[in-house]
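Okay, so here's the structure we're looking at.
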Amino acid sequence: MKIGVVCYPTYGGSGVVATEIGLGLARNGHEIHFITNARPARLTSFAENVFLHEVKPIDYPLFEYSPYETSLASKLVDVIKHERLDLLHVHYAIPHAAVAYMAKQILASQGIHIPIVTTLHGTDITIVGIDGSFAPVVKFSIDQSDGVTAVSDFLKKETREKLGVVNDIRVIYNFIDFERFKKLNKDHFKKAIAPDGEKIIAHTSNFRKVKRAEDVILAFEKIYKKVPSKLLMIGDGPERSKLENLCRQIGLCDEIRFLGKQNAVEELLAISDLFMLPSSNESFGLAALEAMACQIPVVSTNVGGIPEVNIHGKTGFMCEVGDIDAMASHAISLLSNPEMHEQFCHNALTRASEFDIDQILPQYEAYYEEVLQKFKSKNLALAN
Ligand code: GMT
């Protein structure tokens, strides 16, 4: 199949998932065309069957903001027509589902018909999508997609309830590539960060408000009093300077390291003993799954799709949003009980194996086939 993939090229979860699906499909022999405004962060080297088409919006003095949607729609028309794509898969509904719909209509006027699959990732529904300034367009474009997937049951329900979407939604979970995310021996690296055998706690995110990364620091303040430990804050985003100030206020700058955006997250996870995800909402929690694949237990909140990934009392613990005492107390018990910790590490890996890319990728391939068949039958019926 020749498949177009539209996504955000950044370090965010949706871009990562989109890129990994594309690369996996290319390995399976499909021809993949990424259509994005920059090279996706995870598209690091040349891959056979993979093509990149960059969208470059034009600058004109009249525009306060260059109309990216118009440039993307035009690029989609061009790529779909000239590369003869069979299907277009857009990740993150805003604005991709609406732009895909526009491109599809333009192409239909030229006798070219292509089905659109939209994958919902989370904030495109839960935060941005339900905002009144976006909702009608988001709902319409999801309902007009030929196939819709969501990364968790939670997100499927939320899309129905909060946006009133009536289109069928298939849940296809996010996944993990065990070639990359696995327990690695990085003892020399661990020694550099924790020279006296301190425990290492990790948090990865884009430091947006929804991640509540300050709760990681406040919980760490409590953990540190009981267990000699270090905290790794991986990633970057709008809340970072506030977080750094908080570390200064509590006097733990030497114990908390801000590492910025990292390509090889797995190397940092390899030296960690615990992962914390205190988000106020999370449609899936890919960062937690990546930690679990590296055999790290997770202390998280119990919101959104997280309970579909982290199992309370087995692979980690879940707490109410903002319950810093509970997060700290679960972390302390895990870090100070080696037998329990070892059992949880084992359970984390077992659970993560259920999300192996080799199990999930065929679900996308089967779904594409299903959507294509339905699309062809519908077009045939319309033509007769
Ligand atoms: O977490 C973010 O803010 C980034 C966002 C994205 O779309 O890039 O992540 C969402 O999609 C990920 C991949 O499907 C999910 O694992 C995250 O849970 C989800 N984030 C939220 O729902 C807050």
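The values are calculated or read from the model by the stated rules, or taken from the named source; none is laboratory data. All figures in this text were calculated on a predicted structure; none of them were measured in a lab. Cβ coordinates were reconstructed from backbone atoms using ideal geometry, including for glycine residues, and neighbour counts include every protein chain displayed. Just so you know, the surface numbers come from the protein's heavy atoms only, side chains and all, with ligands and any DNA or RNA stripped out. Shrake-Rupley method; radii C 1.70, N 1.55, O 1.52, S 1.80 Å.
Roughly what percent of Cα-Cα pairs across the chain reach past 34 Å?
Working: 22824 of 73536 pairs.
Every Cα pair in the chain considered, those over 34 Å come to 31 percent.
Please work out the FRET efficiency for the pair Phe63 and Ile112, using the Cβ-Cβ distance as r and a Förster radius of 35 Å; give the result to the nearest 0.05.
0.75
With the convex hull built on the Cα atoms of region 303-384, state its orientation-averaged projected area in nm².
7.8 nm²
At Arg240 and Lys56, where each label point lies 7 Å from the Cα along Cα→Cβ, what is the point-to-point distance in nanometres?
It is 2.8 nm.
Hey, quick one: spin label on Ser336, modelled 7 Å out along Cα-Cβ, who in region 259-281 has an amide N within reach, i.e. under 17 Å?
Backbone N within reach: 274.
Work out, step by step, the length gained on full extension between Phe140 and Ser353: first 0.36 nm times the residue separation, then minus their alpha carbon distance; give nm to one decimal. Show your work: numbers first, answer last.
Numbers: separation 213, 0.36 × 213 = 76.68 nm, distance 3.60 nm.
Result for the pair: 73.1 nm of gain on full extension.
Quick one: which of Lys225/Lys261; Lys56/Lys81; Lys81/Lys376; Lys190/Lys230; Lys209/Lys242 span more than 20 angstrom between C-alpha atoms?
In this structure, Lys225/Lys261 lie more than 20 Å apart at Cα.
Roughly how much of Leu184 is accessible, in Å² to the nearest 10, using a 1.4 Å probe?
50 Å²
Please list, by residue number, every one of the trypsin sites (Lys or Arg not before Pro) in region 230-336 that is coil in DSSP and has at most 15 other beta-carbon atoms within 10 Å.
Lys261, Lys314
Based on the Cβ-Cβ distance of Leu259 and Ser45, what FRET efficiency does E = 1/(1 + (r/R0)^6) give at R0 = 35 Å, to the nearest 0.05? Numbers along the way, then the final one.
On the way: r = 23 Å, r/R0 = 0.66.
Efficiency at R0 = 35 Å is approximately 0.95.
Charges at C-beta only: +1 for Lys and Arg, -1 for Asp and Glu. How large is the resulting dipole of region 187-355 about its Cα centre, in Debye rounded to 20? Spell out each step's value before the answer.
Details: 18 positive and 23 negative charges, 69 e Å.
Magnitude of the dipole: close to 340 debye.
Quick check on region 1-89: take the gyration tensor over C-alpha atoms, sort the square-rooted eigenvalues as a ≥ b ≥ c, and tell me if it's rounded (a/c under 1.5), prolate or oblate.
Since a/c reaches 1.5 but b/c is at least a/b, the shape of region 1-89 is classed as oblate.
What do you get for GluC sites (Glu not before Pro) in region 148-202 restricted to DSSP loop and a cutoff of at most 10 other Cβ within 10 Å of the site's Cβ?
Glu179
In region 75-183, what trypsin sites (Lys or Arg not before Pro) fall in a loop by DSSP, with at most 13 other Cβ atoms inside 10 Å?
Here the trypsin sites (Lys or Arg not before Pro) that fit, given the DSSP loop and packing criteria, are Arg84.
For the pair Gln373 and Leu184, how long in nm is the line joining their label points, each one 7 Å along Cα→Cβ?
My value for the distance between the label points is 4.2 nm.
Taking a spot 7 Å from the Cα of Leu380 along the direction of its beta carbon, which residues of region 93-122 have an amide N less than 18 Å from it?
Inside the label zone: 113-115.
Output needed: percent of Cα pairs per 5 Å distance bin for region 187-355, bins running from 0 to the one holding the longest distance.
Reading upward from the zero bin: 2, 10, 20, 24, 24, 15, 5, 1, 0.
What net charge do the residues around Ala326 carry, taking every other residue with its C-beta under 12 Å from that of Ala326, with Lys and Arg at +1 and Asp and Glu at -1?
Net charge in that neighbourhood comes out at -3.
Rounded to the nearest 500 deg cm²/dmol, what is the calculated helix-only ellipticity per residue at 222 nm for the chain, with -39500 (n - 2.57) per DSSP H run of length n ≥ 4?
Taken over the chain, the calculation gives -14000 deg cm²/dmol.
How much of the DSSP bridge set in region 187-355 is antiparallel, in percent, rounded to the nearest 5?
So the antiparallel bridges amount to about 5 percent of the total.
Would you work out what percent of the accessible area of the chain, with all protein chains in place, is carbon or sulfur (probe 1.4 Å)?
On the way: 8700 of 17050 Å².
Reported share for carbon and sulfur atoms: 51 percent.
Give me the lysines in straight-line cross-link reach of Lys157: C-alpha distance below 21 Å, same-chain residues under 8 apart excluded.
Those lysines meeting the cut-off are Lys139.
Compute the distance from the alpha-carbon center of region 48-112 to that of region 331-365, in whole Å.
Cα centroid to Cα centroid, the span is 38 Å.
Compute a Gaussian network model of the chain, connecting alpha carbons closer than 10 Å, and tell me which residue from Phe258, Phe220, Phe175 fluctuates the most.
Phe258
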